[in-house]
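First comes the structure, then the notes that go with it.
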Amino acid sequence: MAASSSSFTLCNHTTLRTLPLRKTLVTKTQFSVPTKSSESNFFGSTLTHSSYISPVSSSSLKGLIFAKVNKGQAAPDFTLKDQNGKPVSLKKYKGKPVVLYFYPADETPGCTKQACAFRDSYEKFKKAGAEVIGISGDDSASHKAFASKYKLPYTLLSDEGNKVRKDWGVPGDLFGALPGRQTYVLDKNGVVQLIYNNQFQPEKHIDETLKFLKAA
Amino acid sequence: EQRLASPPLSNDPTLKSTWTHRLWVAAGCTTLFVSLAKSVIGGFDSHLCLEPALAGYAGYILADLGSGVYHWAIDNYGDESTPVVGTQIEAFQGHHKWPWTITRRQFANNLHALAQVITFTVLPLDLAFNDPVFHGFVCTFAFCILFSQQFHAWAHGTKSKLPPLVVALQDMGLLVSRRQHAEHHRAPYNNNYCIVSGAWNNVLDESKVFEALEMVFYFQLGVRPRSWSEPNSDWIEETEISNNQA
C-alpha cells in the first residue's frame with residue numbers, strides 16, 4: 001500500500017478515502033479544484049464511505065483505497081511516446097522489475113529534484129535489474145529538452161491528456177489542485193508490488209523504491 | 001528600467017530622503033500612534049490589560065508572516081508594469097542585484113512606500129473602530145510592517161556598524177537575523193522571505209508552503225514563479241559575478 005508520508009498527509013488521506021466514490025470527480029479534469037457541487041459530493045462521499053467501511057478490516061480497506069491499479073494486481077498495459085517520439089509499451093519490460101513514476105511536470109523544482117535523484121541512483125537500479133520510467137502529461141519535445149538538460153539516462157513517457165494517470169487512478173494533491181506524485185514498482189511479471197505517494201519529498205521515491213527492490 | 005541597468009552610487013539622489021518621503025513616514029507613524037493610543041486608553045477605561053497585549057503580540061508574530069507572503073509574491077510574480085505594486089517589484093528585483101544598496105538608502109526613502117500603505121489602511125481603522133484589543137493588534141502589526149524595511153536594512157548591515165541594541169535583538173531572534181536573511185540572497189533564492197522577526201522562515205520553508213503555492217499557481221493558472229528559472233544576471237548579486245569571473 002502507498003505510504004503517504006508527505007507533510008500534507010491529511011489532504012492525501014482525504015483524497016484517497018474518497019477515491020472509490022469519486023466517479024464524478026475523476027471524470028472531471030483531474031487537476032481542477034473541486035467546484036461547489038463536487039465539494040458537497042466530496043464531503044458527502046467521505047461520510048457515506050466511512051459509515052460503510054467502519055466494520056471492514058484494514059486489509060479490505062487497502063483494496064478500496066486504490067480503486068484503479070492496486071498492489072498485487074497486474075498493471076494494465078499502455079503505449080505512450082518516449083522523449084524521442086517513439087511509441088513504448090509497458091509490456092515490453094516484462095521479465096524485469098519496473099519503477100514507473102508519475103510526476104506532475106517537467107521543469108518544476110520537485111520534479112527536477114526527483115528526476116535528478118533517479119539519475120544519480122540509476123546504477124543502483126540497474127544493479128537491481130530494474131528499469132526506471134518517468135511519466136507525466138508533457139509532450140515528447142518537453143521530455144527531450146528536460147532529459148537532455150539534466151542528462152537523464154532513462155525513459156520519459158508522454159501521457160498527453162493524462163489518460164494513463166486517470167486510468168491508473170493516481171490521486172491528486174491539495175484537493176486535486178496538483179497532479180499527484182506516485183511511484184509504482186512492478187515485478188518481472190508486471191504485477192504491482194509497491195505504490196508510494198509523496199508530493200513534497202520527491203527524493204524519498206528513490207530511497208523507498210530502492211529499499212524495496214533490494215529487499216525483494 | 002534605468003535603475004536596474006546600473007547600481008546607484010552611494011551619493012545617488014535616488015537613495016536620499018525627500019520631504020515627501022518624510023511626510024509619508026510621519027503620516028504613517030501618526031496613524032500608528034492613534035491606534036496605539038486607542039488601545040492603551042481603551043484598555044485602561046475598560047480595565048483590559050492582558051487582551052490588548054496578547055493581541056499586540058499576535059500582531060508582531062503575524063506581521064512577520066505577512067512580510068514573508070508579500071515578499072515571496074513580489075519576488076516571484078509580476079514585473080514593473082504590474083498595477084499598484086509594480087515599483088515595489090522593480091525595487092525588489094534591483095535589490096537582488098545590488099543587495100547592499102539598501103544599507104545606503106536613507107531612512108525615510110526606504111520606508112515611505114510602506115508608510116503610504118499603512119496610512120491608507122490604518123487611518124480608516126482609526127476612525128471606524130475603538131476596540132482596544134483590535135487596536136492592540138493593528139498598531140503592532142502595522143508598526144512591524146511599516147518598519148520591516150528598516151529591519152530588512154539592518155539584516156544587510158555588518159555587526160560592527162549596527163547599533164549594539166539592534167545586534168542584540170537580531171541575536172535574540174526578535175528581529176530577522178543577518179545570517180537568516182543572507183540565505184535569502186543565495187541560490188536557489190526561494191527561502192527565508194520573512195523580514196520582521198524571521199520567526200516564520202523555518203516553519204514556511206520546512207513545510208514547503210511556498211513551493212506548494214507555486215505548484216498550485218502553475219497547474220491552475222499556468223504561471224511560473226521567477227525562482228524556478230535559472231537565476232539570470234538580474235538575480236545574481238554583481239559581486240558574485242565578478243568573483244566567478246576572477
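Using a probe of 1.4 angstrom and keeping all protein chains present, the accessible surface of the stretch B:123-230 works out to 48 square angstrom per residue.
Counting only protein heavy atoms and a probe of 1.4 Å, the accessible surface of the stretch A:66-215 is 52% carbon and sulfur.
Shown here are the Rg and Dmax of the Cα trace of the stretch B:99-242, at 17.7, 56 Å. In order along the stretch A:133-139, phi translates into HN-Hα couplings of 9, x, 9, 8, x, 6, 7 Hz, rounded to whole numbers, per the Karplus curve 6.51 cos²θ - 1.76 cosθ + 1.60 with θ = phi - 60° and x for Gly and Pro. Listed by chain and number, the lysines whose alpha-carbon sits under 18 Å from that of A:K149, ignoring those within fewer than 8 places in the same chain, are A:K113.
In this calculation the C-beta distance from B:S207 to A:K211 is compared with R0 = 35 Å, giving a FRET efficiency of 0.90. Semi-axis lengths, largest first, of the ellipsoid equivalent to the stretch A:138-214 are 20, 18, 14 Å, with √(5λ) applied to each eigenvalue of the Cα gyration tensor. Quick check for you: which residues of the stretch A:167-211 have the amide N under 11 Å from the point 7 Å beyond the Cα of A:F78 toward its beta carbon? In the stretch A:167-211, the label zone of A:F78 (backbone N under 11 Å from the point 7 Å along Cα→Cβ) covers A:167-170. The listed residues A:R119, B:R179, once ranked by accessible area (1.4 Å probe) with the largest placed first, stand as B:R179, A:R119. Excluding ligands, DNA and RNA and using a 1.4 Å probe, chains A and B jointly bury around 1300 Å² of accessible surface, summed across both partners.
Counting Cβ atoms of other protein chains within 10 Å of each Cβ in B:206-217 and taking the mean gives 5. Taking only the C-alpha atoms of the stretch A:81-198, Rg followed by Dmax gives 13.4, 38 Å. The alpha-carbon of B:K161 sits under 20 angstrom from the alpha-carbons of these aspartates and glutamates, leaving out residues fewer than 8 places away in its chain: B:D171.
Only four residue types carry charge here, +1 at the Cβ of Lys and Arg and -1 at the Cβ of Asp and Glu. Report the dipole size of the stretch A:66-215 about the Cα centre in Debye, rounded to the nearest 20.
About 500 debye.
Cα-Cα over 21 Å: which of A:K126/A:K163; A:K71/A:K91; A:K127/A:K204; A:K124/A:K188?
Too far apart for the 21 Å limit: A:K126/A:K163.
A 1.4 Å probe run over the protein chains yields, for the stretch A:66-215, 39 Å² of accessible area per residue, whole-number rounding.
Put B:I61, A:I133 in order of accessible area, highest first, and with a 1.4 Å probe you get B:I61, A:I133. Only Cα sites of chain B enter the Debye sum here, all with the same form factor; the resulting log10 I(q)/I(0) across q = 0.08, 0.09, 0.10 1/Å is -0.33, -0.42, -0.52, listed in q order. Straight-line reach from A:K166: taking Cα to Cα under 20 Å and skipping same-chain neighbours fewer than 8 places apart, the aspartates and glutamates in range are A:E39, A:D77, A:D82, A:D106, A:D138, A:D139. Helices of chain B meeting both criteria, an alpha-carbon length of 18 angstrom or more along the long axis and an average Kyte-Doolittle score not below 1.0, with helices taken as full DSSP H segments, are B:107-128, B:132-146. Across B:H152, B:H185, B:H47, mean-square fluctuation computed from a Gaussian network of chain B (C-alpha pairs under 10 Å connected) peaks at B:H47. A cut-off of 5 Å between modelled amide H atoms, ignoring neighbours fewer than 5 places along the same chain, links A:D173 with A:L178, A:G180.
Applying 0.36 nm per residue to the separation of B:S46 and B:W19 and subtracting their alpha-carbon distance, the gain on full extension is 5.7 nm. Counting only protein heavy atoms and using a 1.4 Å probe, the accessible area of A:K144 comes to about 110 Å².
The values are calculated or read from the model by the stated rules, or taken from the named source; none is laboratory data. Given the structure is predicted, the values throughout are model-derived calculations rather than measurements. Positions of Cβ are generated from backbone atoms using ideal geometry, with glycine treated the same way; all protein chains shown enter the neighbour counts. Surface accessibility is based on the protein's heavy atoms, side chains included, excluding ligands, DNA and RNA. Shrake-Rupley method; radii C 1.70, N 1.55, O 1.52, S 1.80 Å.
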